[in-house]
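Below is one structure, written out as structure tokens, with a few remarks after it.
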Amino acid sequence: MKKPFVCQIVGYKNSGKTTLVCALVERLKAEGRRVAVIKHDAHDFEMDHPGTDSYRHRAAGAAAIALVSPRQTAVIREEETSLEKLIEDFGGYEVILVEGFKKERYPKLVMVRRAEDTELIWELENVAGVVSWLPEAQVFPAGEPREHLVRFGKDDHEGIADWVIRQVTDPA
């Protein structure tokens, strides 16, 4: 089985990461692609809610629970899981979009909302491209040697989805 194409969508808070990921999922699914999403949350989150059986199971002390129905499965574990392990678990998908995990090694599209956000382009490893709210001259001042980066406007969801599909069908 072919490995999925993993693409990280990274940027600072409120740069449009989730909006872009959702738009890409919709477009890629419309193209018949199987897409998975992994999102990093720097804060603690709670999926369970009082009154549900799974909440009661966790309150009783279960360190992991699985909810399974004919159409979906959810697993909640009281442990951190590495990005590598999550990607391995999602191996049956064609595309895995990763929101966040800036320091990981996968190809990245960097979201740039403000001029100061451009520092990420130069600081992070494996940056493949930039998705910007700003005119290109503000993102790439004259003389910046980054010709190899693909460049998109923040609303060019179709162009970005086409780029992702090219990575899946014709990896370099």
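The values are calculated or read from the model by the stated rules, or taken from the named source; none is laboratory data. Since the structure is predicted, the reported quantities are computational estimates derived from the model, not experimental observations. Don't worry about glycine lacking a Cβ; one is built from the backbone with ideal geometry, like all the others, and counts go over all protein chains shown. Heavy atoms of the whole protein, side chains included, go into the accessibility calculation; ligands, DNA and RNA do not. Shrake-Rupley method; radii C 1.70, N 1.55, O 1.52, S 1.80 Å.
Among the residues of segment 38-77, what is the count of those that are surrounded by 10 or more Cβ atoms within 10 Å (Cβ to Cβ) and under 30 Å from G11 (Cβ atoms)?
Qualifying residue count for the region: 9.
Output the qualifying pairs, or none if there are none: Cβ atoms under 6 angstrom, residues six or more apart or on different chains, first residue in segment 148-171 and over 21 Å from L134 (Cβ atoms), second residue among the charged types (D, E, K, R) and open to solvent by 20 Å² or more (accessible area, probe 1.4 Å).
A161/R27; V168/E94
Hey, does segment 1-18 have a residue that's within 24 Å of E125 (Cα to Cα), open to solvent by less than 60 Å² (accessible area, probe 1.4 Å) and in a helix (DSSP H, G or I)?
For segment 1-18, residues within 24 Å of E125 (Cα to Cα), open to solvent by less than 60 Å² (accessible area, probe 1.4 Å) and in a helix (DSSP H, G or I): present.
Can you tell me which of (1) surrounded by fewer than 18 Cβ atoms within 10 Å (Cβ to Cβ); (2) under 16 Å from the mean Cα position of the chain (by Cα) is the one E158 doesn't meet?
With (1) surrounded by fewer than 18 Cβ atoms within 10 Å (Cβ to Cβ); (2) under 16 Å from the mean Cα position of the chain (by Cα) applied to E158, the lone miss is (2).
I'd like the full set of residues that are among the charged types (D, E, K, R) and under 24 Å from I87 (Cβ atoms), limited to segment 105-131.
Within segment 105-131, R105, K108, E123, E125 qualify.
Table: residues versus (1) at pLDDT below 95; (2) out of contact with any helix residue (DSSP H, G or I) (no Cβ under 6 Å at 6 or more places or on another chain).
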{"site": "A30", "(1), (2)": "no, yes"}
{"site": "H43", "(1), (2)": "yes, yes"}
{"site": "A63", "(1), (2)": "yes, yes"}
{"site": "E80", "(1), (2)": "yes, yes"}
{"site": "T118", "(1), (2)": "yes, no"}
{"site": "E136", "(1), (2)": "yes, yes"}
{"site": "P141", "(1), (2)": "yes, yes"}
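Quick one: V127 ticks every box in (1) under 14 Å from the mean Cα position of the chain (by Cα); (2) under 20 Å from A36 (Cα atoms) bar one, so which box is it?
The single condition V127 does not satisfy is (2).
Has segment 86-105 got any residue that is free of Cβ contacts under 8 Å to residues at least 60 places away in the same chain, over 23 Å from V35 (Cα atoms) and either among the charged types (D, E, K, R) or crowded, with 17+ Cβ neighbours inside 10 Å (or both)?
No, because not a single residue in segment 86-105 is free of Cβ contacts under 8 Å to residues at least 60 places away in the same chain, over 23 Å from V35 (Cα atoms) and either among the charged types (D, E, K, R) or crowded, with 17+ Cβ neighbours inside 10 Å (or both).
Can you tell me which residue is farthest from F5 (Cα to Cα) among those in segment 154-172 that are of a type in the set (G, A, S) and modelled with pLDDT of 95 or more?
Among them, the one singled out is G159.
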